[in-house]
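The values are calculated or read from the model by the stated rules, or taken from the named source; none is laboratory data. Computed from a prediction, not measured in an experiment: that's the story for all the values here. Quick reminder, even Gly has a Cβ in these numbers, built from the backbone with ideal geometry, and neighbours come from all protein chains shown. In case anyone asks, the SASA skips ligands and DNA or RNA and just uses the protein heavy atoms, side chains included. Shrake-Rupley method; radii C 1.70, N 1.55, O 1.52, S 1.80 Å.
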Amino acid sequence: QRVLRLAEMCRRLETEEEKVLPFYPSSLVEGEQRDARRVLEETPVEPLAWAMRDYVGLERFWQRFNKAKLEEQALERERAALSRRNRRLRELLRQYLAGISVSQEMLSEPNPL
C-alpha cells in the first residue's frame, strides 16, 4: 500500500512529457527485442524464474527508479561543476576588488590588474 501511495504521489509530480513518453527508447535492435519477448512469453521451469514472474509488474517502477537515479547523478555532477566555476569567479572578483581598492597594505603589494 505504501508503494502504491508513493507511486500515486510521483505520478502527480510528473511532467506532461513524462506522462506521455516516460522512458527512453530501448537500445535493443529489432532481433534482440523479438528474442526478449519470446523469452518472456515462455513458461519458466526454474523456481527463481517463477518467482521473478511475480515481479514483472514492478518493471515500470524500476525503469522510473533507474531514470531518477541517473538524473540525480547528472544533477550532482552539474552542481559540482557549477560550484567549481562559482569558486573561480569569486576568486577573480576578489582579485579585481583587491586591485581597485586603495589601502596601505595594497599599496605595498604589486597591483594584480
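Just to verify a result, which residue in region 1-23, among those that are basic (Lys, Arg) and within 21 Å of the chain's Cα centre (by Cα), is modelled with the highest pLDDT?
Of all residues in region 1-23, those basic (Lys, Arg) come to 2, 5, 11-12, 19.
Narrowing the set further to residues that are within 21 Å of the chain's Cα centre (by Cα) leaves 11-12, 19.
Details: Arg11: 78, Arg12: 81, Lys19: 65.
Here the answer is Arg12.
Residues being more than 22 Å from Cys10 (Cβ to Cβ) and open to solvent by less than 90 Å² (accessible area, probe 1.4 Å): count how many of those fall in region 56-88.
Total meeting the criteria: 4.
Taking the condition surrounded by 10 or more Cβ atoms within 10 Å (Cβ to Cβ) and not in a helix (DSSP H, G or I), does Leu28 pass? Write out each step before concluding.
On the way: surrounded by 10 or more Cβ atoms within 10 Å (Cβ to Cβ): yes; not in a helix (DSSP H, G or I): yes.
So Leu28 passes the test.
Output the qualifying pairs, or none if there are none: Cβ atoms under 6 angstrom, residues six or more apart or on different chains, first residue in region 46-63 and under 21 Å from Arg2 (Cα atoms), second residue surrounded by 11 or more Cβ atoms within 10 Å (Cβ to Cβ).
Gln63/Phe23
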